[in-house]
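Novice: My questions will all concern the structure given below.
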Amino acid sequence: ILFVTDGRPTVNVTDPEALSKLVKENNKGNLRIFMFGVGDDVNTHLLDRMSDETGGLPEYVRGGEAIDGKVTRLFAKMSHPVLTELAIEIPGIKVTEMYPRQLPDLFRGSQAVLVGSYEGAGDSVIRLRGRVGDKKEEFVYEGTFPEKCTDRSFIGPIWAHRKIGYLLDQIRLHGEEKELKDEVIRLSLAYGIETPYTSYLVLENSDQYKQYGLAVGGARPVAGAPATSPRPV
């Protein structure tokens, strides 16, 4: 299904959570929904979520942008699924907290980026399974999982971003449980990621940086009331 919308309903059911639930309950045939968001005021969170949960893809065009290239790109992906129903296995390595939790289907011109934590170390094969049409396929790669790795420090913040996004979705779905909120705040403080529960404290002079034990020019995440943007002080 190709859904052309701005993602902002104005009649009948308008709550994003209720809409997402309706789609999940009524999509009996497991149809993929490809979102084509139009305009400068698009509810990308809702459209991304609906496409992710159904195995589709989103595409967006803003006012004034050429629409033909965006339509062509989305149609090319829709028409050429490369691998569906993905599953990954890494024998000998215990992988935990991998994001996204539900592996996306692969279409021409798209990619899947998976991040997670693991226990164990050493060389291992990485088996990627899926379907090409009605045929099952398996691809085998070689990987090395070191006990410590200092040259891939950029992966940690990516993983933290993904986990925070997942936790915030759980809070929206199930309510603000203390355990979920505390974990969002912990990751935010550990990785310097802004969330609805933290903001950034930008200090004015070197004495204030020394007071907080920070390098000059650094930023201190502060847990507290919800904030949507860095808060200069």
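Novice: Run G175 past the list (1) under 24 Å from E85 (Cα atoms); (2) among the small types (G, A, S); (3) free of Cβ contacts under 8 Å to residues at least 12 places away in the same chain and report the number of the one that doesn't hold.
Specialist: (1)
Novice: Then there is this: Looking only at strands (runs of 3 or more DSSP E) that fall completely inside region 134-233, which ones have 2 or more residues that are modelled with pLDDT of 70 or more and among the hydrophobic types (A, V, I, L, M, F, W, C)? Can you show your working first?
Specialist: On the way: elements: 135-145, 198-202, 220-223.
Correct list: 135-145.
Novice: For region 38-79, which positions are in contact with a Phe, Trp or Tyr (Cβ under 9 Å, 6 or more places away or on another chain), within 24 Å of K28 (Cβ to Cβ) and aliphatic (A, V, I, L, M)?
Specialist: L47, M50, L57, M78
Novice: Here is a follow-up. Quick check on region 44-81: of everything there that is basic (K, R) and open to solvent by 70 Å² or more (accessible area, probe 1.4 Å), which residue is farthest from P9 (Cα to Cα)?
Specialist: The selected residue is R73.
Novice: Still on this structure, I have one more. Can you go through K136, K148 and tell me which one is more than 30 Å from E183 (Cβ to Cβ), open to solvent by 80 Å² or more (accessible area, probe 1.4 Å) and either of a type in the set (S, T, Y) or out of contact with any Asp or Glu (no Cβ under 8 Å at 6 or more places or on another chain) (or both)?
Specialist: Values: K148 fails: more than 30 Å from E183 (Cβ to Cβ).
When all the criteria are applied, what remains is K136.
Novice: Within region 52-110, considering only strands (runs of 3 or more DSSP E) that don't extend past its boundaries, which have at least 1 residues that are touching a residue at least 60 places away in the same chain (Cβ under 8 Å)? Show your work before the answer.
Specialist: Values: elements: 58-61, 81-89, 94-99.
In region 52-110, 94-99 are the strands (runs of 3 or more DSSP E) which contain 1 or more residues that are touching a residue at least 60 places away in the same chain (Cβ under 8 Å).
Novice: Just for region 85-122: of the residues that are of a type in the set (S, T, Y) and more than 13 Å from D52 (Cα to Cα), which one is farthest from the chain's Cα centre (by Cα)? Show your work before the answer.
Specialist: Of all residues in region 85-122, those of a type in the set (S, T, Y) come to 96, 99, 110, 117-118.
Right, trim to more than 13 Å from D52 (Cα to Cα) and you get 96, 110, 117-118.
Numbers: T96: 16, S110: 15, S117: 16, Y118: 19 Å.
That would be Y118.
Novice: Can you find, within region 1-43, the residue that is surrounded by the most Cβ atoms within 10 Å (Cβ to Cβ) among those that are part of a loop (DSSP other than H, G, I, E, B) and among the charged types (D, E, K, R)?
Specialist: Only one residue fits best here, namely R32.
Novice: Can I ask one more? Taking L128, is it closer than 30 Å to E17 by Cβ and either modelled with pLDDT of 90 or more or surrounded by 15 or more Cβ atoms within 10 Å (Cβ to Cβ) (or both)?
Specialist: no
The values are calculated or read from the model by the stated rules, or taken from the named source; none is laboratory data. Note that the structure is a prediction, hence the values are computed from the model and not measured. Cβ: placed from backbone, ideal geometry, glycine included. Neighbour counts: every protein chain shown. Accessible surface areas use protein heavy atoms only, side chains included; no ligands, DNA or RNA. Shrake-Rupley method; radii C 1.70, N 1.55, O 1.52, S 1.80 Å.
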